[in-house]
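These notes concern the structure reproduced below.
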Amino acid sequence: PRVASGQSKCSGTKNGFETMGIKLENITNPWSPGHYMVQPVLERISHHRERQAAFRFGRKLPKFLLFTSPKKNPWGHSRSYRIQIHSMADQVLPPGWQEEQAVTWARYPLAVTKYRESELISSSSYNQNDPWDPPVVFEEFLRNNEKIENEDLVAWVTVGFLHIPHSEDIPNTATPGNSVGFLLRPFNFFSEDPSLASREAIILTSPHLPSCTIQLGSLSPSGTLTKQKPPPET
């Protein structure tokens, strides 16, 4: 497993952290008051302190992990960015177990902290020299439990996967399905799909291959897709 960190500046440096999940709600049926119905509803939770936004392995991670701005989009929603984690490793060692002090970042698939100049890296190459008393201990970043409302925030994301050797690894290990990483996705950040701003698409081919041509696709003023041929060669 490895750790990736990023400073969150989704719309300035005054951001918050929220999660959204789905819960079931038992309500009176509006069309039949004598009966009840269960419906799924979105539950939005604001996290005010670092400890609240540190999710340990083994704890269910909310569906939506959002860095929100006090600024609104044209529809009145907070401009946000979503962290979508699609590969998580299991915890390497039990908390507090001997050498585990050097890799305390591995306790969390996600932790959110306030940005500090003294907290730029979650580990150090020197940690391996003395893992029992390492120079950088990520857990200490969370001990002061600072406020993370309207602050410059950092996301610490742990990604990885477990590979068990098997016979199909011979003569080489196949890579399909072995992806590692996470996505940063706009969530109510733009007023519409930002790809709409890509008004033209051009495919250029090598001049050394005369059989290949240049394709140009663009939107006309009427909004329809048109194709234009390149000028004849001279």
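How would Y115, Y126 line up from fewest to most surrounding beta-carbon atoms within 10 angstrom?
Values: Y115 15, Y126 12.
Fewest-to-most ranking of Y115, Y126: Y126, Y115.
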**OP:** Over 23 Å between C-alpha atoms is what I'm after, so list which of K23/K72; K23/K63; K71/K147; K14/K60; K23/K60 land there.
**Re:** K23/K72; K14/K60
**OP:** Would you please state the base-10 log of I(q)/I(0) at q = 0.20 1/Å for the stretch 94-191, with intensities from the Debye formula using one equal scatterer on every alpha carbon?
**Re:** -1.08
**OP:** Could you tell me the distance between the Cα centroids of the stretch 67-93 and the stretch 107-143, to the nearest Å?
**Re:** 22 Å
Original post:
Would you list T28, T68 from fewest to most Cβ contacts within 10 Å?
Top reply: T28, T68
**OP:** Binning at 5 Å from 0, report for the stretch 2-196 what percent of all alpha-carbon pair distances ends up in each bin.
**Re:** 1, 7, 12, 15, 15, 14, 11, 9, 6, 4, 2, 1, 1, 0
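Take I121, I148 and order them by how many other Cβ atoms sit within 10 Å, fewest up front.
On the way: I121 11, I148 25.
Result, fewest neighbours first: I121, I148.
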Subject >> Using alpha carbons only: equivalent-ellipsoid semi-axes of the stretch 84-134, gyration tensor based, whole Å >> reply: 20, 17, 9
**OP:** Identify, among G58, A111, G76, the residue whose Cα sits farthest towards the positive end of the charge dipole of the stretch 41-143, taking +1 on the Cβ of Lys and Arg and -1 on the Cβ of Asp and Glu, with the dipole about the Cα centre.
**Re:** G76
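Rule-based calculations on the coordinates, nothing more; no lab input. Keep in mind that this is a model prediction, so the values were computed, not measured. Cβ sites come from the backbone with ideal geometry, for glycine too, and all protein chains shown count toward neighbours.
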